[in-house]
Each structure stands twice: as structure tokens, then as C-alpha cells.
Amino acid sequence: MVRVRVILTLTLVYLALTANLTPLNVLMGVLVATAVTFLLPGGNRDWQMSWRSWPAANWAFVRYVIMLVIDLVVSGVQVARIVLSPKMSIRPGIIAIPSQTTSDLATAFSAHAITLTPGEMVVEIDENGVMYTHCLDVEQAAVSLAAAQQERRELLEKMFS
């Protein structure tokens, strides 16, 4: 029962990436996912599965992916506008975003989501979970990243609690 949710999720990701549903590939996905869960830090504390929270965690995962896709599209359009603008009005800088999560894995997922979005990149995470993020437009990013981090934190807490 330990790590089952993570193994199932990683297996689904593996199958989606390989686009091959043959029985041998499904077995390979389960084996790879199982091996990865034993390599992840945190012990059993982060991975205990509560069957009651499983539907809510999976729904949070779906919402998290949808939010990430929307952020990617919106940020991509914003960066394209900046790059294609003749005056290229950027105000780069680094802002501090507190992750406010209880697990290191949730902080890593949050940092990964920020780094994936065009125009933003987490350059460091300190021991308190504060993510120092480089942005193309500091003034615009400070407002939007704080609100997005709050929503990400809520979804990640549901996924990993």
C-alpha cells in the first residue's frame, strides 16, 4: 500500500510518454515507476497512501496539470510579445517566492512548474523553501507568481498529503 499512488501515477506518465500499451511495456512502466519511488528521498512519510484522500489527490493532480498547461500557454504568449516588441520593454530581476509547502517534493514540483513557464526560472531554493526566481518582468511577475504559488501549494498539499 505504500507508494501505490506514486507508482500508478509514474506508470501512467511512462505509458503516456511511450504511447505503447503492449503488456510488456506496461510491465516495464510499473518496474521503472517502482524503481524510481525507491530512489526518491523522504522515506515512507511523504508516500503513505490514504484511500480516502486518493480521489481528491487525483483530482488535484488533474487540476495541477491543467493549471500548468494554461500557465505555459499564457506565459509563452507574453514572452513572444516581449520578444517581438520593437522596444523590448523588459525589467529583469530576481524575486523571492516562499513555497509554503510541508514537503520537499511539493517544493520541487512547484519550482519545476515555475521553471517550465517561459520567462521565469528558479535559480535557487534555500533551506526554508524560499524559491529565488529570475523573471523577465519583475513587476508583472511578482503579482502573478504569488497568486499562482498559492494555488499550486493548495493542489500540491492535496496531492502529497
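Considering 60, 108, which residue is among the small types (Gly, Ala, Ser) and without any contact (Cβ under 8 Å) to a residue 24 or more places away in the chain? The conditions single out 108.
If only residues of segment 97-118 that are small (Gly, Ala, Ser) and either touching a Pro at 6+ places or on another chain (Cβ under 7 Å) or farther than 21 Å from residue 76 by Cα (or both) are counted, the one that is surrounded by the most Cβ atoms within 10 Å (Cβ to Cβ) is 99.
Values in this text are rule-based calculations from the coordinates and carry no lab data. Because the structure is a prediction, the values reported are computed rather than measured. Positions of Cβ are generated from backbone atoms using ideal geometry, with glycine treated the same way; all protein chains shown enter the neighbour counts.
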